[in-house]
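Worksheet: one structure, shown below.
A short reminder: the numbers here are calculations on the coordinates, not readings from a lab. What you see is a predicted model; the values in this text were computed from it and never measured. Note: ideal-geometry Cβ built from the backbone for every residue, glycine included; neighbour counts use all protein chains shown.
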Amino acid sequence: MKSRKIYCVMALEPICPDDRFLNQISQIPLVPAARLKYSVKYSIALTFQDRFKHSSIDELVEGCCGRENCPICGPFGFWRKGKETPGAAEFSDMTPMFIPIDTPDGPVWCTSHAIIDVLTCAGLLGEDDLQIRLPLDSLDVQSPMGDGILTLSWLPLRVAYSISPLKSSARDKFLNMGVPREVLDRVVFTSDKVLAHLIRDNPESYLIHLVDPQTNGITHRLAPLCGMIPQGTIMWFSVGYFRRDGIIDVVEGGISHLEHIGVGGLTSREVGRIKLLKSKEV
């Protein structure tokens, strides 16, 4: 692998996560690498559709010419004569760093043991960057935003430790990755169990716009947010590049278009759009 880049993104809309989280198998919500890769590939196929003589975008997404300089086959690979040729871009899962939860005093951004473990295993944070006091199975929270009771959405929780889970070195690393300063100023640390409960059982709703088939006018409907990665979540993923001959520019063009196309499930229902905040080579 010649290079690896980290991409920091923000959810502009709720995101439908992996089925493993919805089925309560995974501790944290994520967008699987395969789904993320398909979304970027689809985005690129829309951009270059006029260059290929295919009857549908879906055919183009499956591969087209089998040439390494092709914007579809080069980054993502292709099948020819029953043999797979891997692409030059390798995607990781897209996982959250900070998940917004409403409180009576405005939103806070929650993180947890499992989320931090993913970041440390990826080498983005070190043990010396953290000051986590909260036990793994705790039903309390750790936050520098005062003591007493902190109500996260509908759930009142005791602030057991009035100290940030992040040292200044961790803040600097997150800022360098593109995490907004206002997010880092309002970080709350919870156990994985508490954070998963807040997301899976979220009683709030979001507004979607639908076309009324009888009048062809726009109608509105409230859809439940339970199980969805909330709007405003800060997420990250990495892409490993095995070649540099235009591959990075093509892939990053596809990533930038996810601000309009979306990622994950239910993208036709006005969910899944993400905005690229920053990319960084590591």
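Miscellaneous remarks
- Separation of the Trp79 and Cys121 label points, Cα + 7 Å toward Cβ, nm: 3.0
- Cβ crowding within 10 Å, taken as a proxy for footprinting-reagent exposure, orders Ile28, Ile6 from fewest neighbours to most as Ile6, Ile28.
- The mean sequence separation of alpha-carbon pairs under 8 Å and at least six residues apart, normalised by the residue count of the range 66-129, gives a relative contact order of 16 percent.
- Reported to the nearest whole Å, the Cα centre-to-centre distance from the range 141-169 to the range 90-120 is 15.
- The modelled label-to-label distance between Arg67 and Glu182, using points 7 Å beyond Cα along the C-beta direction, is 4.7 nm.
- Sites Thr103 and Lys2, calculated FRET efficiency, Cβ-Cβ separation with R0 35 Å, nearest 0.05: 0.20
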